[in-house]
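S.K.: Could you have a look at this structure, given as structure tokens, before my questions?
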Amino acid sequence: MDRPAWTIGILSFALLAFEISLMRVLSYVQWYHFAYMIISVALLGFGASGTLLFLFRSYFLRRYEIAIICAVALCTLSMALSMTLLGIVKFDPYRVIWKFSEVWSLLYFYVVLFLPFLFGASVIGLTFMKKPHQIGKLYFANLVGSGMGSIGAIFLTYAADPTTLPTITAFICILALVTFLLDRPRRALVASTVPLGVTLLVALWKPAIPEMSEYKSLSKALLLPRATIVGKRRGPLGMLVALDSPALRYAPGLSLAYTGRVPSQLGVFADGEWVGAVIDLQDTTAAEFLDHATSALAHRLKAEPVVLTLGAGTGSDVFLSLKSGARSVTAVEMNGQLIELLKAVVPDRTDLLYERRNVLLRVEEARTFLSGSQDRFDLIVVPILEGFTASSAGTQALFENYLFTVESCSEMIDHLREDGILSITTWMDYPPRSSLKLLATIAEALRETGTDRLKQQVAMIRSWGTVTLLAKRSPFSGSEVSAIRGFCEENFFDLVYVPGIRPSELNRFHRLEEPILENAAGEVLSNRREQSLREYQFFVDPARDNQPYFSHYFKWESLPYLKEVYGTSGVPFFEWGYVILVATLIQLGLLSLLLIIFPLFFLQSKRLEKRRIPPTLIYFGAIGVGYMFVEVLMIQKFILFVGHPIFSVAVVVAGMLVFSGVGSFFSHRLARPKTGPPMILAIVAALVIGFTSLYLYGASTILEVFAKLPVELRLTSGVVLLAPLAFVMGVPFPLGLGRLSGSDASLVPWAWGINGCASVVSATLPTFIAINQTFVAVLVIAAVAYLLAFVSFGGLGGGMADSSRSGKSSSNRLN
Amino acid sequence: MRPLISYWFLVLIVAVIVVPDHNSPVTDPTAASIIRSFLPQQESEFKRLRHRMVERQIRLRGIKDQSVLEAMRTVPRHQFVPPSSISEAYEDRPLPIGYGQTISQPYIVAYMTELVQVSDQSKALEIGTGSGYQAAVLAEIVDSVFTIEIIEPLGEAAEGRLKNLAYENVQVKVADGYYGWEEHAPYDAIVVTAAAEHIPPPLIDQLKDGGKMVIPVGHPFLVQTLMLVEKHDGKITSRSLLPVRFVPFRRSR
């Protein structure tokens, strides 16, 4: 490969790594969904670079070398300074709802983060424009560099704090600059002096870094008396912090009948949000309070059980099981960093727990464990869902939750012994959403076993703060139901539902103005459920693997009502994630128009082949949409297959980019025909439909096979599964660009911009579609996009900027 | 080229307008600890806003207790908000006061005060002083208020503010609210102003027989429900009260 290709490869590495680093930084100082909103706008820098080059094409082409040097240098500077620039302005996302002036801070964030992408993408676009005959090779470098960057960034998150990462990526940019000027060391030295100096200065001096939002749990906990951070672990799942303070206590939904003490505990936070508490096991009375929460119910019904805890976290529930006499506990926890933190930093507290003889720790994703395990348990416990706020670096994977789907609950039920109990605890929310959706999901899983005794197989209780749901394969016995009644009576907890519940038993201890949850629970268990779920103000239909958004409760039909009751500014607090998603889409749509369509109106004087505009727009838009839809869909499904969101991102993003790069490299050989849409596009469309349907409908089979494999083989098989799809998906872009540069070269950067914008918008859109529909709808749109590309290809022109032609003649034509 | 230049000029202007607003959320409670003085006409304007707030946001929403309405009409809320939020002091929403804390929406303060049913004989305990506004409202009605704040700068600022506003029946302590304030117990009313995931047993212990305790549940910017705990003959009962009436099924509307 020659130098421009290397430059592009290294720069693409830096840009992707920078994007993922930003996701980490913003998830840490703010929240994932705000990070998502800000970065998606910043990524429009790719689209804007296309427009910039399109408008000033000849100007930049005449000064190719100096333009590249300046753009790489500016990209480096803007990356290196990004954290400082974000650090000097405070942004409070909640205030945006009420105070317009906060919008300026948000815009400032956008601009600061937009610049590195604008400059970086300009380098890539300008090189494509200058060397159209090498497009396959250059695009290959671009994709492979990006793919490696996405993996590199994940490794970097282990090595450095989130706010240091952008400085590292800035150094990588300097490497790209030096590579570009490798044959002229003197010029390389001069050109890299300023960027290197500034980056070094920022790295050593750290003038300012973005501060964590004051509303995050960690920010608040740090204000507690004598709060000390006793341990930290970095990683792609988030920055984990263990904090000690005598005033830190945690006892969710504790019974009002409890008069004992609640000991101070060690708190663990991921990306500044609460993960769980660590109880001091040497303090013999410390855990007494655990018996007085709704989550202790199942232990009252089972003596000496064999327990499985899914999402064991900091171990409170594991400890409760041991304390209640469990024979053994299998503790499944996905976040290995968390376990390491517990072991290394608080050895005297938790080491005892996870290393006890009758505790088997499995660092694994819960679904993968369930699919791979043949064991059966007396008790399966799912502790209260705290929700890791950390994202799976740089993607939209956050919102999905494969633990609380009908399929997952069915697997849990399958792993119960004949008389076993499944116990899931959640927060009591007002109005009821998560508790009701949980019941609906479990009820559906039980119905799928073909039972006709559903109403005998579930029980649900609530305190003022938490709800615990029990489910069995067999009916609850009379003595079990009495034990539930007794436990509630003792702790002032209320029955939401037990077999044979009487109206007089409802709403006795913690009284609600109306027993909304109890009434709705009755409806969910009845035959009227479909109508009732439809009429409920929130979306509490059972979650499924093809629509795994358990925490999505918003219904557009209820918006007028919610606005009436809670006020316009109250609504977002029910559904921040969804509100942000919609806001992001609107912003992206408007900005894409501004960047792509609007500039065309200023170019009337320019001689453009107008008939090329619509096919260019459709073709490059469609392949951008198609590519990203498939990629996002694959990331979502692969979480299940490879068993970890981070592995999923690594395998899918890197695998897709690298194999698409290879596809791009061979694109010219694959598409010789000079006229008509080549077969390859039809093959792409067919393969997209075939593969994605396979993953969607064959998911459970693939999952079963994968779960039995060791993790390395799982990852390798994942890449092998993706390779053919990714390979053919890499072909359309260089193919179209080659065709376009043969017919109307001035449109090349515009096409690059369209593709960039379409990719950014469609990184967000699939989540929105899947939340409202299912993954199947996403698949259909991806297939339609490739069909559109197939149809519009002919409009791009007849000729090809062929590699057989001399580079010189092509460049001349471009100039 | 001209239209081209004008397009980029436009983009440039937009970019230049995007200047960071350095002054926006300045929430330094120490700056607010000294009582700000306003001109008489400003004070009368605040009074007008306050009366309007009580009428529109509180009385119309169903708060009937005259002593609560009168207290809300009296306490100068604008003295309890950060300087940058003075213009929003009487608006129908919570405001940030720094340290991740808020001064609650006026209606919520009134509702919580009404729920604990206090009189001029009562002794009240507040957990989470924050700005000191809720303590001041209680102080207008009850005999004595004891309030505890865990965050030192907040507690100190509130103490100074309440003192300067001459609330002599309020005592502020910087401490961990978990233990309550044993030496003045039992209390007729306990108001917990921060949403909590558990209710400390010592607080229930320090509640007088027949006393009431109120706790908000939900996001700091949107109180979804208020929890009222009552003690009768040593027996504890609790209730959830929704600040707004929610109808779960659309058919039943």
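S.K.: Please get the size of the charge dipole for the stretch A:489-577, origin at its Cα centre, with Cβ charges of +1 on Lys and Arg and -1 on Asp and Glu, quoted in debye to the nearest 20.
M.R.: The dipole of the stretch A:489-577 has a size of about 180 debye.
S.K.: Also, quick follow-up: Determine ³J(HN,Hα), in whole Hz, for all residues of the stretch A:548-553 in sequence, where each value follows from phi through the Karplus function 6.51 cos²θ - 1.76 cosθ + 1.60 and θ = phi - 60°; x replaces Gly and Pro.
M.R.: Values per residue, Gly and Pro as x: x, 10, 4, 8, 9, 10 Hz.
S.K.: Using +1 at the C-beta of Lys and Arg and -1 at the C-beta of Asp and Glu, which of A:Leu223, A:Val111, A:Met212 has the Cα lying farthest in the positive direction of the dipole of the stretch A:95-224?
M.R.: Result: A:Val111.
S.K.: Over the protein assembly as shown, give the accessible area per residue in Å² for a 1.4 Å probe, as an integer.
M.R.: 36 Å²
S.K.: Another question, then. Just to verify a number: what accessible area does B:Leu95 come out at with the full protein assembly present, 1.4 Å probe, Å² rounded to tens?
M.R.: Here the residue's solvent-accessible area equals roughly 0 Å².
S.K.: Now, a different point. At a cut-off of 40 Å², which residues of the stretch B:78-102 become less accessible once all protein chains are present than in their chain alone, using a 1.4 Å probe?
M.R.: For the stretch B:78-102, once contacts with the other chains are taken into account, B:Arg93, B:Pro96, B:Tyr99, B:Gly100 lose 40 Å² or more.
S.K.: Whole-Hz Karplus ³J(HN,Hα) for the stretch B:130-146, in order, using 6.51 cos²θ - 1.76 cosθ + 1.60 and θ = phi - 60°, x for Gly and Pro?
M.R.: x, 6, x, 5, 4, 4, 5, 5, 4, 4, 5, 9, 8, 6, 8, 10, 10
S.K.: Would you mind checking which residues have amide H under 5 Å from A:Phe377's amide H? H placed 1.01 Å from N; only 5 or more apart, or other chain.
M.R.: For A:Phe377, whose amide H was placed from the backbone, the distant partners under 5 Å are A:Leu416, A:Arg417.
S.K.: While we're looking at this one, here's another question. Placing +1 at every Lys and Arg Cβ and -1 at every Asp and Glu Cβ, with all other atoms neutral, what dipole size does the stretch B:118-158 have around its Cα centre, in debye to the nearest 20?
M.R.: Dipole magnitude for the stretch B:118-158 comes out near 80 debye.
S.K.: In the protein assembly as shown, with Lys and Arg counted as +1 and Asp and Glu as -1 at Cβ, which of these residues, B:Val217, A:Ile516, A:Ser58, has the Cα nearest the positive end of the dipole, that is, farthest along it?
M.R.: Farthest towards the positive pole: A:Ser58.
S.K.: Before we go on, tell me the buried accessible area for the A/B pair, both chains summed, 1.4 Å probe, in Å² to the nearest 100.
M.R.: Roughly 6300 Å².
S.K.: Separate question: Mind running the shape call on chain A? Use the C-alpha gyration tensor, a ≥ b ≥ c as the square roots of the eigenvalues: rounded below 1.5 for a/c, prolate if a/b tops b/c, oblate otherwise.
M.R.: Since a/c reaches 1.5 and a/b is larger than b/c, the shape of chain A is classed as prolate.
S.K.: If you don't mind, there's one more thing I want to ask. For the stretch A:148-294, what is the charge dipole size about the Cα centre, in debye to the nearest 20, if Lys and Arg each add +1 at the Cβ and Asp and Glu each add -1 at the Cβ?
M.R.: So the magnitude is around 700 debye.
S.K.: List for the stretch B:167-188: residues with 30 Å² or greater reduction in accessible area, all protein chains versus chain alone, probe 1.4 Å?
M.R.: Checking the loss per residue gives B:Asp176, B:Tyr178.
S.K.: Can you give the longest run of chain A that contains no GluC sites (Glu not before Pro) sitting in a DSSP loop with at most 14 other Cβ atoms inside 10 Å?
M.R.: That gives A:1-210 as the longest site-free run.
S.K.: Past 21 Å, Cα to Cα, is the threshold; run A:Lys637/A:Lys708; B:Lys123/B:Lys173; B:Lys123/B:Lys208; A:Lys216/B:Lys163; B:Lys208/B:Lys235; A:Lys455/A:Lys555 against it and keep the listed order.
M.R.: Violating the 21 Å Cα-Cα cut-off are A:Lys216/B:Lys163; A:Lys455/A:Lys555.
S.K.: Quick one: which residues, 5+ away or cross-chain, put their amide H under 5 Å from the amide H of A:Arg544? H built at 1.01 Å from N.
M.R.: Sorted by chain and number, the residues that satisfy this are A:Val406, A:Tyr549.
S.K.: Give me the percent of the accessible area of the stretch B:106-187 that comes from carbon and sulfur atoms, probe 1.4 Å, all protein chains in place.
M.R.: So the carbon and sulfur contribution to the accessible surface is 42 percent.
S.K.: Say the dipole of chain A comes from +1 at the beta carbon of Lys and Arg and -1 at that of Asp and Glu; which of A:Leu26, A:Ile151, A:Ser759 then lies farthest toward its positive end?
M.R.: A:Ser759
S.K.: Right, next: Counting only protein heavy atoms and a 1.4 Å probe, tell me what percentage of the stretch A:1-142's accessible area is made up of carbon and sulfur.
M.R.: Its accessible area is 72 percent carbon and sulfur atoms.
S.K.: Give me the percent of the accessible area of the stretch A:315-376 that comes from carbon and sulfur atoms, probe 1.4 Å, all protein chains in place.
M.R.: Numbers: 1070 of 2480 Å².
Here carbon and sulfur together make up 43 percent of the probe-accessible area.
S.K.: Which distance in Å, rounded to a whole number, links the C-alpha centroids of the stretch A:426-477 and the stretch B:32-94?
M.R.: Using only Cα atoms, the two centres lie 46 Å from each other.
S.K.: Classify the stretch A:219-360 from the C-alpha gyration tensor, please: rounded if a/c falls under 1.5, else prolate or oblate depending on whether a/b exceeds b/c. Each step should come with its number before you reach the end.
M.R.: Working: a/c = 1.89, a/b = 1.25, b/c = 1.51.
Verdict is oblate for the stretch A:219-360.
S.K.: To continue, here is another question. Tell me the relative contact order for the stretch A:265-338 as a rounded percent, counting alpha carbon contacts under 8 Å between residues six or more apart.
M.R.: 27 percent
S.K.: List the chymotrypsin sites (Phe, Trp or Tyr not before Pro) within the stretch A:64-170 that fall in a DSSP loop (any state other than H, G, I, E or B) and whose Cβ has at most 10 other Cβ atoms within 10 Å.
M.R.: For chymotrypsin sites (Phe, Trp or Tyr not before Pro) across the stretch A:64-170 that sit outside H, G, I, E and B with at most 10 neighbouring Cβ atoms in 10 Å, the list reads A:Phe100.
S.K.: State the extension gain, in nm to one decimal, for the chain segment bounded by A:Arg485 and A:Asn358, taking 0.36 nm per residue of separation less the distance between their alpha-carbons.
M.R.: 42.7 nm
The values are calculated or read from the model by the stated rules, or taken from the named source; none is laboratory data. Remember, it's a predicted structure, so these values are computed and weren't measured experimentally. We place every Cβ from the backbone using ideal geometry, glycine too, and count neighbours over all the protein chains shown. Please note that ligands, DNA and RNA were not included when accessible areas were found on the heavy atoms of the full protein model with its side chains. Shrake-Rupley method; radii C 1.70, N 1.55, O 1.52, S 1.80 Å.
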